[in-house]
């Protein structure tokens, strides 16, 4: 197997500021890491127009029943899996709506699976097994921008008619070139040479937050900044649901809890019921008519 040439990658370069990393005091060490982390937000800021474009494209396909796939290896793959796993409890999305795929499979979530990232055929196979098609969006995640597993996934997604996007930290990379909508983040050399779980990983996590949150906001999963479509699967989240209903309607905690019980725990329905004194079936119908958007449902009833 030919060894990849990493010499031209920004993420593999030695950082002149951290050449004496092992000679620093603990305070100097964490201060330097923090100073470098502060540059990540600037790198992400420069990509905001493209990130917004990807958010809008994901939401448009999801409205038609499409799914969002994240494909990556190592840290990049784990970050995608993490973001996907948070969507069902946060937005009540089905588990198969946002899917994280990591080279090496589930075993790679907790520990390294050597060589898995070099298997481009497996990237295609993992998507083929999930019948990826034109309604779907596939986001390849690769800090280096050259991961074969991700390249294989993006090439298969393109051939299957899916929309492709990518998150990379080396501009002009093969992964960026393989995606229709590449998000290129110039995070530069790492504090610890080549350790892309640091700045590159932080930048990737920031973008993933924007992609999933932004898409679900556009899909009506929030009301203002309130998480109105969460799943109250434990006591903390049940209390949060009641607090959200109270915040959105101005009612007291007891009324919020009682109304949520009458609405089978559906936060959106409870808000519409309390704001317009309609019964739960009517509230559900109005919400359904307006694509689940609380704001649009309330505006319709106001009119």
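Derivation of every value follows stated rules applied to the coordinates shown; laboratory data play no part. Here the structure is a predicted model, which means the values were calculated and not measured. Cβ sites come from the backbone with ideal geometry, for glycine too, and all protein chains shown count toward neighbours.
Using label points projected 7 Å from each Cα along Cα→Cβ, tell me how many nm separate residue 192 and residue 111, to one decimal.
Spacing of the two 7 Å Cα→Cβ label points: 1.9 nm.
May I ask for the Rg/Rh ratio of region 43-102, computed from Cα atoms with Rh as the Kirkwood radius, given to two decimals?
My calculation puts Rg/Rh at 1.00.
Neighbour counts of other C-beta atoms within 10 Å: give me 62, 206 arranged from fewest to most.
Fewest-to-most Cβ neighbours within 10 Å comes out as 206, 62.
Report the relative contact order of region 146-232, percent, no decimals, based on alpha-carbon pairs under 8 angstrom and at least 6 residues apart.
RCO, region 146-232: 18 percent.
Run the numbers on region 10-218 and let me know its relative contact order in percent, using alpha-carbon pairs under 8 Å that are six or more apart.
Across region 10-218, relative contact order equals 28 percent.
How long are the semi-axes of the equivalent ellipsoid of region 194-234, taking √(5λ) for every eigenvalue λ of the Cα gyration tensor, in whole Å from largest down?
So the equivalent ellipsoid measures 28, 13, 7 Å along its semi-axes.
Give me the Debye-computed log₁₀ of I(q)/I(0) at q = 0.12 Å⁻¹ for region 147-303, equal point scatterers on Cα only, no solvent, two decimals.
Computed log10 I(q)/I(0) values: -0.70.
Express the Stokes-Einstein translational diffusion coefficient of region 1-144 in µm² s⁻¹, to the nearest whole number, given a Kirkwood radius over alpha-carbon pairs, 4 °C and a viscosity of 1.567 mPa s.
Roughly 72 µm²/s, to the nearest whole number.
Mind ordering 148-161, 244-257 by average Cβ neighbours within 10 Å, highest first?
148-161, 244-257
Just to confirm my numbers, what's the Cα centroid distance between region 38-69 and region 249-266 in Å?
34 Å
For region 86-163, divide the Cα radius of gyration by the Kirkwood radius and give the resulting Rg/Rh value with two decimals.
Rounded to two decimals, Rg over Rh is 0.98.
Need one number: the % of Cα-Cα pairs in region 235-302 sitting beyond the 17 Å mark.
Every Cα pair in region 235-302 considered, those over 17 Å come to 32 percent.
What ranking do 122-135, 184-197 get when scored by the average of other Cβ atoms within 10 Å per residue, highest first?
184-197, 122-135
Quick check on the chain: what are the equivalent-ellipsoid semi-axes from the Cα gyration tensor, as sqrt(5λ), descending, whole Å?
Values for the chain, descending: 40, 23, 16 Å.
For n ≥ 4 DSSP H runs only, could you compute -39500 (n - 2.57) per run for the chain, divide by its residues and tell me the 222 nm figure to the nearest 500?
That comes out to -15500 deg cm²/dmol.
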